[in-house]
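Scroll down for the structure; my scribbles are underneath it.
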Amino acid sequence: MRIIATKDYAELSRATASLIAAQVVSKPDSVLGLATGSSPIGAYQKLIEWYKAGALDFSACSSLNLDEYVGLTKDNDQSYAYFMRTNLFDHINIKPENLNIPDGMNPDAAGECARYDAVIEKFGGADLQLLGIGRNGHIGFNEPGAAFVRGTNCVHLTQSTIDANKRFFAREEDVPRKAYTMGIGGIMLARKVVLIASGADKAEAVAKSFFGPITPEVPASILQLHRDFVLVADEAALANIPG
Ligand code: F6R
């Protein structure tokens, strides 16, 4: 595990975008595993800026998004498909046919999970997987549980995740209760994993995940076993680490 410690969110976003840019420059047909949520927005803004300045070309890249809410159409402004379009894809030259994300409108959970696992398998995993971290240590929507789940799965979101995500919805009742998420196996298949942690509300999850035992009760802790894992975290998120 490598830690890039930054002063604040702006520095963290720049450092994260630099890692993604380095990936795209060194392998133009990279498979980028991407995340939604507030953590990666600053990094996506930097990538857009560098693309517009002519420094980056995404035309041969593919994307492999982590997760999607069940029951939201791609055009619902709370869907992760919509988030990715508005925060990144609409502003760079990645090709629409190269975008991959679970289909939240497929009512056949087993079928959708199998379909997405086949997509991940076809690529052999992402070249670089970007992650945020939940306050409970979740990655993707892999919530704390009794065992690590390998494949893409349909999860019932925990109250902690619903509480964290309700800020994006008009009412708590509007937060979907289920999501399709890439499993831990799909995430660990990535050749490089970059996890962004920013702010004091992530400090406990960071300490438990990367400085505590590896346990499915803290899903991100499995990243300690990944051969090329980079934690990009700001001072506030690193506040609880030992030493
Ligand atoms: C998003 C995702 C989630 C978030 C996590 C942190 O695609 O898979 O695991 O990364 O919930 O969310 P933010 O960044 O909003 O704090």
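The values are calculated or read from the model by the stated rules, or taken from the named source; none is laboratory data. Everything numeric here is computed off the predicted structure, so don't read it as measured data. Glycine also receives a Cβ, built like all others from the backbone with ideal geometry; neighbour counts cover every protein chain displayed. Note: areas computed on protein heavy atoms with side chains; ligands, DNA, RNA excluded. Shrake-Rupley method; radii C 1.70, N 1.55, O 1.52, S 1.80 Å.
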- Task: Please name all residue pairs, on different chains or six or more residues apart, with Cβ atoms under 9 Å, provided the first residue is in the range 134-152 and is among the acidic types (Asp, Glu) and the second residue is away from the ligand (no atom under 13 Å from the Cβ).
- Result: Glu143/His156
- Return yes when Gln45 is more than 15 Å from Val232 (Cα to Cα), modelled with pLDDT of 95 or more and open to solvent by 70 Å² or more (accessible area, probe 1.4 Å) and no when it is not. yes
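Here's the yes/no breakdown for (1) more than 26 Å from Glu112 (Cα to Cα); (2) away from the ligand (no atom under 12 Å from the Cβ); (3) touching a Ser or Thr at 6+ places or on another chain (Cβ under 6 Å); (4) aliphatic (A, V, I, L, M):
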{"residue": "Val155", "(1), (2), (3), (4)": "no, no, yes, yes"}
{"residue": "Lys166", "(1), (2), (3), (4)": "no, no, no, no"}
{"residue": "Lys192", "(1), (2), (3), (4)": "no, yes, no, no"}
{"residue": "Ile196", "(1), (2), (3), (4)": "yes, no, yes, yes"}
{"residue": "Ile214", "(1), (2), (3), (4)": "yes, yes, yes, yes"}
{"residue": "Ser221", "(1), (2), (3), (4)": "yes, yes, yes, no"}
- Query: Which pairs have Cβ atoms under 7 Å, sit 6 or more apart or on different chains, and link a residue in the range 75-87 that is within 12 Å of the ligand (Cβ to nearest atom) to one that is in a helix (DSSP H, G or I)?
  - Reply: Asn87/Ile41; Asn87/Tyr44
- Name the helices (runs of 4 or more DSSP H) wholly inside the range 99-202 in which the number of residues that are at pLDDT below 95 and surrounded by fewer than 20 Cβ atoms within 10 Å (Cβ to Cβ) is 1 or more. 159-165
- Query: Which members of the range 23-46 meet the condition of being part of a helix (DSSP H, G or I), touching a Leu at 6+ places or on another chain (Cβ under 9 Å) and away from the ligand (no atom under 16 Å from the Cβ)?
  - Reply: Gln23, Val24, Val25
